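Structure first, then comments.
Just so you know, all these numbers are worked out from the coordinates, no wet-lab data involved. Predicted model, so just to flag it, every value in this text is computed and none were measured. Because the Cβ atoms are built from the backbone with ideal geometry, glycine has one as well, and the counts that use them run over all protein chains shown.
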Amino acid sequence: MLVLTRKSGESIRISDDIVVKVFEIGKNKVRIGIDAPATVSVLRNEVYEEIQKENILSLQGSVSDLAKAAALWTDKGKKKDREK
Amino acid sequence: MFEIQTRKFGRIEIDEAKIIVMPDGMLGFEGQKRYVLIQDKGMEPFKLYQAVDNPDLAFFVIDPLLILEGYRVDRNRVIKAAAWGKGDKISYLAVATIPDEKPEQMTVNLMGPIAINSTRGESYQLILENSGYALKHPLFQG
């Protein structure tokens, strides 16, 4: 990993179309601005990891539980109809 | 038509024209790029988003509009990010998870839907970071 030192207001250019700028340096956090084309996905890493984790959990589900969930869904629909 | 192997349904026949290509894959599974949607009467309204080239890779999915009537994704942003056409037909699927033997605790990820462009047979998993949509939206509670 490339490690650089930057001061507030300074920036880094990645390739020819991405600029990362340090806006503010606090005690335990930094504010960063990112300029990138719309096709480049910029995300907090935690969010990426959370969604990846949900994907993995979805794979681990069993088809028999899915069939039960489908039955629960149908029941829920019927209950809603009765309430109408 | 040709056959693919699936862990959950064994060998099934699919229509090659229905294959959806994911240029970036699913998050965490970037290497698998071809998927098909499998429907079965016993699991409606859920579907299986099955990788064509890996029998073990099948995600439970559901139309998010069935869960949240007002579910909305910024279409213009999606079109721009994916370099899709303005007139393309785009729909969404949310990935569902079921804790083992607890179907009543099923949740749906409304924050990371799959955008499917049926005009192009292409899809991307989106991340709607500041949408307020939940990562684990409960289906049967609350």
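Numerical summary
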item	result
Length gained when the stretch residue B:13-residue B:140 is fully extended (0.36 nm per residue, less Cα-Cα span)	42.4 nm
Residue A:4/residue B:75 FRET efficiency (R0 41 Å; Cβ-Cβ; nearest 0.05)	0.60
Proximal charge balance of residue A:52 [Cβ under 11 Å; K/R count +1, D/E count -1]	-4
Taking chain A and dividing mean pair separation by its residue count, relative contact order in percent (alpha carbons under 8 Å, at least six apart)	14 percent
Relative contact order %, chain B, counting alpha carbon pairs below 8 Å whose residues are six or more apart	19 percent
Unsatisfied cross-links (Cα-Cα over 19 Å) in the set A:21/B:80; A:68/B:8; A:7/A:29; B:8/B:41; A:27/A:53; B:33/B:80	A:21/B:80; A:27/A:53; B:33/B:80
